[in-house]
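Below is one structure, written out as structure tokens; the observations come after it.
The values are calculated or read from the model by the stated rules, or taken from the named source; none is laboratory data. These numbers were taken from a predicted model, which means no experiment stands behind them. A quick note on method: Cβ atoms are made from the backbone with ideal geometry, for glycine too, and the neighbour counts reach across all protein chains shown. Side chains are part of the model used for accessible areas, which takes the heavy atoms of the whole protein and leaves out ligands, DNA and RNA. Shrake-Rupley method; radii C 1.70, N 1.55, O 1.52, S 1.80 Å.
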Amino acid sequence: EREHKLIRYFSKFIPDSRNPILVTHTIEKLLKQRVFMLMQGYEDANDVFHLQHDPLYKDILDGDLASQPTISRFENSLDKRSIFALCYGWIDRYVSSLTGRSSIIIDIDGTDDPTHGKQQLSMFNGYYGKFMYNELFFHDGDTGQIIVPILRPGNSHSNKWYVGILRRVISKIRKVYPQMKITIRADSGFSSAPFYKLADDYNLYYAIGLASNEVLKRRAARVERAVKLLYQSKGKKHQHFINFDYKAGSWHKSQQCYSKIESTGLGMNTRHIVSNLEAQEAREIYFGFYVKRGEASENRIKEVKNMCFSDRLSNHGFWANFFRLLISSLAYELFLILKTNIKNTSYKEAKKWQISSIRTHLLKIGATIKITKRRIYYRLSRAFVYQHLFQELLSG
């Protein structure tokens with residue numbers, strides 16, 4: 001944080017309407033405390049009760065910790081205007097990080113966040129079969145950065161709002177980098193007529209999943225029968241790809257559709273995607289590009305959700321919960337910086353770590369803290385397994 005000033009940057013977008021005479025903790029300090037608690041695995045504001053005398057937090061926060069009521073008031077202090085300002089600031093920060101790049105991949109995906117109370121705009125979603133919030137993430141497919149996180153009402157369809165948000169992101173990127181090659185990657189929930197119009201307007205490349213329907217089933221039927229017969233007669237698993245022009249009724253023009261027809265031994269597996277990637281075969285588009293969204297997007301969302309606790313949106317107000325999502329995403333971004341630093345070390349095993357492994361092996365470790373008038377000493381155990389990696393990260 002001292003080097004990258006990430007928390008300081010975002011704290012400038014948070015308004016402070018408190019009486020200055022009565023203020024003990026600055027907005028930056030409150031945000032820093034909340035983010036650092038999440039990074040250490042403390043997901044709730046009331047965890048402050050167990051940390052109020054922790055010498056580590058007193059050191060890194062330069063003083064006493066804010067109380068649970070103070071943290072709760074902080075989380076509930078933002079309104080719609082403040083949340084939008086934070087989101088715009090998030091996009092601007094991403095755009096400023098693109099220096100020297102000629103192309104980017106934007107991964108788009110959503111996830112369910114089950115709710116267990118009466119949170120505002122917590123609604124029943126028929127697809128997931130539960131009361132929930134619907135989180136939407138735009139990720140950089142190469143670096144893992146969160147371009148912007150969005151919280152939506154629980155009954156939102158996958159493609160709700162995303163085209164308008166994507167238009168704003170693309171506009172900001174093209175304003176600074178007009179020649180940037182932008183490729184969009186998403187699953188079938190994001191295939192929609194407005195998206196394909198947007199792609200034409202901004203000269204975007206894309207590989208988007210396509211939900212099956214009767215027209216696509218008829219297109220793939222003959223190949224499905226052949227692949228199924230091959231497995232039944234010879235016991236041989238087989239994949240076959242076809243491509244054809246396809247236009248849904250709401251689309252403004254035909255698109256190139258690719259279908260993967262596969263016998264798995266457990267039944268037929270047919271998948272469809274729409275893509276305008278140039279000079280590539282169907283197999284290359286599917287396996288060389290489209291399926292990589294599993295690691296680039298889905299696994300990154302798991303880290304934000306399960307390891308930075310973006311699924312812990314238990315405030316009553318919708319905008320307070322949106323702010324919690326942003327705080328979790330901020331913790332993820334700091335972990336991403338740690339990941340990058342780890343990749344620059346000589347520890348090959350550590351380069352594969354997810355956020356939970358970084359927390360376990362580098363942050364949640366035992367130490368003796370000695371405080372004198374001049375210095376604070378951290379004495380780590382000689383049995384600390386990754387002490388040399390820890391030292392390499394500090395010196396790097």
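What the table shows:
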| quantity | calculated |
| --- | --- |
| Test: Ser357 is of a type in the set (Ser, Thr, Tyr), assigned to a helix (DSSP H, G or I) and open to solvent by 30 Å² or more (accessible area, probe 1.4 Å) | yes |
| Qualifying residue in the range 371-378 (condition: of a type outside the set (Asp, Glu), surrounded by fewer than 13 Cβ atoms within 10 Å (Cβ to Cβ), within 23 Å of Glu28 (Cβ to Cβ) and touching a residue at least 60 places away in the same chain (Cβ under 8 Å)) | yes |
| Criterion: assigned to a helix (DSSP H, G or I) and farther than 19 Å from Leu31 by Cα - qualifying residue of Ala350, Ala320 | Ala350 |
| Residue in the range 46-54 that is crowded, with 20+ Cβ neighbours inside 10 Å and touching a residue at least 24 places away in the same chain (Cβ under 8 Å) present | no |
| Leading residue by the ranking (nearest to Asn243 (Cα to Cα)) among those in the range 294-329 that are modelled with pLDDT of 95 or more and among the basic types (Lys, Arg) | Arg300 |
| Single match in Thr368, Thr340 (criterion: more than 18 Å from Ile7 (Cβ to Cβ), outside the structural domain of Asp140 (by the TED database) and open to solvent by 60 Å² or more (accessible area, probe 1.4 Å)) | Thr368 |
| All positions within the range 55-87 that are open to solvent by 60 Å² or more (accessible area, probe 1.4 Å) and either touching a residue at least 24 places away in the same chain (Cβ under 8 Å) or not in a helix (DSSP H, G or I) (or both) | Asp62, Asp64, Asn76, Ser77, Asp79, Lys80 |
| Residues (open to solvent by 40 Å² or more (accessible area, probe 1.4 Å) and under 12 Å from Phe241 (Cβ atoms)) located in the range 261-277 | Arg271 |
| Count - residues of the range 146-159 that are out of contact with any helix residue (DSSP H, G or I) (no Cβ under 6 Å at 6 or more places or on another chain) and more than 12 Å from Ile108 (Cβ to Cβ) | 6 |
| Residue satisfying all of: in the range 21-79; over 22 Å from the mean Cα position of the chain (by Cα) and of a type in the set (Asp, Glu); nearest to Glu303 (Cα to Cα) among these | Asp47 |
| Any chance Ile376 is of a type outside the set (D, E, K, R), modelled with pLDDT of 90 or more and touching a Pro at 6+ places or on another chain (Cβ under 7 Å) | no |
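Residues are listed down the side, and each one gets a yes or a no for (1) without any contact (Cβ under 8 Å) to a residue 60 or more places away in the chain; (2) in contact with a Leu (Cβ under 7 Å, 6 or more places away or on another chain); (3) part of a strand (DSSP E or B):
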position: Phe131; (1), (2), (3): yes, no, yes
position: His139; (1), (2), (3): no, no, yes
position: Gly144; (1), (2), (3): no, yes, no
position: Val148; (1), (2), (3): no, no, yes
position: Leu151; (1), (2), (3): no, yes, yes
position: His157; (1), (2), (3): yes, no, no
